[in-house]
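Bear in mind these aren't lab numbers, they're just calculated from the coordinates by the rules spelled out. Since the model is a prediction, treat every value here as computed from it, not as a measurement. All Cβ positions, even for glycine, are placed from backbone atoms using ideal geometry, and neighbour counts span all protein chains on display.
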Amino acid sequence: SSATQVGRIRFSRHLQVYFLFNVIIVLDRLGSMFGADLVGRALNPRRDFAAFILDTIACVAYAIVHIAILYLQIITINVAVNSNRGELIIVLTSNNFSEIKGGVLKKFSVINLFQISMGDVVERFQTMFTIMALVVHQLIAMDGSDVLEFGQRITLVALWMMCTESMVDWIKHGFINRFNNISPRVYHDFAVVLSYDYINNRSNIARRIGLIPLPIVTIVTSDNPLCEVALRSAL
C-alpha cells in the first residue's frame, strides 16, 4: 500500500541521517584526539624551522577538516530541527543510549572514569555550541514572522537533547560507580584537578579534557555578525 511505501521511505531517510550523524560523531572524536597532539607539537618551541613549517601545515589541514565536520554536524541537527515530525531528532539522540552499553558490567579505574567524565563535558559543551550556532544561522536567514515558531521548535529540541544526555550520563556513571565501588566523591577530586589547571596553567585545561577550541572559534568568528563588525572597526 501507499502508506507502507511512505513508511519505508521515511525509515530509510531516518536511517541515513542516523548513520551520517554517527559517522560525524566518530570523526569529531578522532579529530579532537589527533588535533590535541598536532596543536601541542606545533606550539612546542624546541624545534627547527622545517619541523615548524610541517607542523603548521598539518595543523591548518586538521583545522579545515575538523571545521568541515562541525559544519556537517550543525547541518544534520538543522535538518532534524526543521523536519515536520519530531521523529528525526529522536532518532539522532537515540545514539546517546549506546553509551550505557559501554559502561555496564565493565571494569574502570579512577583514571578511566576521569577520561569518561571529561568526554561527557566536551560532549555537552559541543551540543550547546551546535545549538547556538544553529540559532545564529537561522536567525540571520529567516524573516521576523518565523522567529517565534523557530524559537519554540529549537527550545524543545535543546531541552530534549540536554535532558537526554544528562539522563544517559547519570545512568552510565551510576552503573560504573556501583560496579567498580567508586565513591561519588571522586568527582570532587576531578573538579579540584581542573581548578588547579585553571589557576596554574589555563592552556592545559583544553588538552586535559580533550577539547580543541580552534575549529569552534573559527566557526564562531566567521558566522557571528558581531564579530565581523568588531573586526571591521578594528581594521
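Okay, here's what the table says:
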| item | result |
| --- | --- |
| Two-site label geometry, Phe179 and Arg41: point separation in nm, points 7 Å out along Cα→Cβ | 3.5 |
| Using a Förster distance of 41 Å, the FRET efficiency for Leu72-Val192 (Cβ separation, nearest 0.05) | 0.65 |
| Using a Förster distance of 45 Å, the FRET efficiency for Ile140-Phe34 (Cβ separation, nearest 0.05) | 0.90 |
| Potential lengthening between Arg202 and Ile64 on full extension [0.36 nm per residue; Cα-Cα distance subtracted] | 47.2 nm |
| Relative exposure of Leu54, Leu105, judged by other C-beta atoms within 10 Å (fewest first) | Leu105, Leu54 |
| Paramagnetic label zone (point 7 Å from Cα along Cα-to-C-beta, Val217; backbone N under 19 Å) in the range 128-144 | 129-130, 133 |
